[in-house]
1. Scanning the stretch 194-210 for residues that are touching a residue at least 24 places away in the same chain (Cβ under 8 Å) and not in a helix (DSSP H, G or I), which turns out farthest from residue 302 (Cα to Cα)?
2. Being under 27 Å from residue 52 (Cβ atoms), surrounded by fewer than 17 Cβ atoms within 10 Å (Cβ to Cβ) and within 20 Å of the chain's Cα centre (by Cα) is the requirement here; does residue 182 meet it?
3. Looking at the stretch 101-117 only, could you name the residues that are part of a helix (DSSP H, G or I) and in contact (Cβ under 8 Å) with a residue 60 or more places away in the chain?
4. Scan the stretch 124-162 for residues that are part of a loop (DSSP other than H, G, I, E, B) and either in contact (Cβ under 8 Å) with a residue 40 or more places away in the chain or in contact with a strand residue (DSSP E or B) (Cβ under 9 Å, 6 or more places away or on another chain) (or both) and jot them down.
5. Suppose we filter 88, 121 for residues that are touching a residue at least 12 places away in the same chain (Cβ under 8 Å) and outside any helix (DSSP H, G or I); which single one remains?
6. Please enumerate the residues belonging to the stretch 230-253 that are touching a residue at least 60 places away in the same chain (Cβ under 8 Å) and either surrounded by fewer than 15 Cβ atoms within 10 Å (Cβ to Cβ) or part of a loop (DSSP other than H, G, I, E, B) (or both).
7. If residue 263 satisfies every condition in (1) closer than 30 Å to residue 146 by Cα; (2) in contact with a strand residue (DSSP E or B) (Cβ under 9 Å, 6 or more places away or on another chain); (3) surrounded by 16 or more Cβ atoms within 10 Å (Cβ to Cβ) but one, which is the exception?
8. Go through the stretch 272-287 and count every residue that is part of a strand (DSSP E or B) and touching a strand residue (DSSP E or B) at 6+ places or on another chain (Cβ under 6 Å).
């Protein structure tokens, strides 16, 4: 009995020591999340320059790389802010950041990467780093399950980075970063001329590894609760929310595999049965591999225009801005 008591005390003591190490370095910037932080700061600055009603595009990098906001703005006569950055920071953080730039009367178009709908409360490496290094206040928005997961799964190397590898300078090189974001919040330099052989090799890797979002879909996942809270938050501010498909590289299994086919033909119904608006069909937003820049979500500039025109077509058919 004494041994058991000592064991339990030791475990609890070690946990709180670890918790202290984690929390004391919270808010210390790291290199991993620098470009994401830079991108969101720039988008907040863009939002401040917009006066009056605007369209805010919410999602991850499928939105960052995949929408021509200038074209969308011309189609509907409103300013557009592309608030997409990186799906890796997960749904709670994406919604947390979106609330910073949404104003009363805005219109929000949600083109979420499909796994976000099945977010089950297990933050990945990028979300863990982003929350701890850039947005520790976001911890208050998370469930105890998520907070515990973050504390338990952050590795010692990441903790050391929080204490000793502080990042102060903005990212200026590479594909990702605020240096490639235009006045609408869109990613630039995604023409074929900028796609190196190495980047296209990354695209080709996805042709043999199709996603299995249908198999992993969960209609009761925590992600739906976050979305419900977000939609309610928007409604209180007279903000219209419209869900639309993400873009995704076309693969035969998405049509032939029963679970995947069910997912892409029913995800709109899953959104609508909750009383929300979903416009467009996922299959219409899937394109062949040559239209992707460096992942199965990142479009080249030519395909970006094709996707945006599809969005305009679907939104007009729905009666967007007339309801």
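Here, each number is a calculation from the coordinates, and none is a lab measurement. Predicted model only: the values in this text are computed from it and were never measured. All Cβ positions, glycine included, derive from the backbone under ideal geometry; neighbour counts span all protein chains shown.
1. Here the residue is 210.
2. Values: under 27 Å from residue 52 (Cβ atoms): yes; surrounded by fewer than 17 Cβ atoms within 10 Å (Cβ to Cβ): yes; within 20 Å of the chain's Cα centre (by Cα): yes.
Judged against the criteria, residue 182 is a match.
3. Start the filter on the stretch 101-117 by keeping residues that are part of a helix (DSSP H, G or I), which leaves 101, 114-117.
Within the stretch 101-117, 114, 115, 116, 117 meet the criteria.
4. Of the residues in the stretch 124-162, the ones part of a loop (DSSP other than H, G, I, E, B) are 124, 134-135, 142-143, 154-155.
Scanning the stretch 124-162 gives 134, 135, 142, 143, 154.
5. Values: 88 fails: outside any helix (DSSP H, G or I).
Checking each option against the conditions leaves just 121.
6. Kept after step one, since they are touching a residue at least 60 places away in the same chain (Cβ under 8 Å), are these residues of the stretch 230-253: 230, 233-234, 237-248.
Those that are touching a residue at least 60 places away in the same chain (Cβ under 8 Å) and either surrounded by fewer than 15 Cβ atoms within 10 Å (Cβ to Cβ) or part of a loop (DSSP other than H, G, I, E, B) (or both): 237, 238, 239, 244, 245, 246, 247.
7. (2) is the only condition that residue 263 fails.
8. Here is the first cut: in the stretch 272-287, the residues part of a strand (DSSP E or B) are 277-278, 286-287.
Keeping just the survivors that are touching a strand residue (DSSP E or B) at 6+ places or on another chain (Cβ under 6 Å) gives 277-278, 286.
Number of matching residues: 3.
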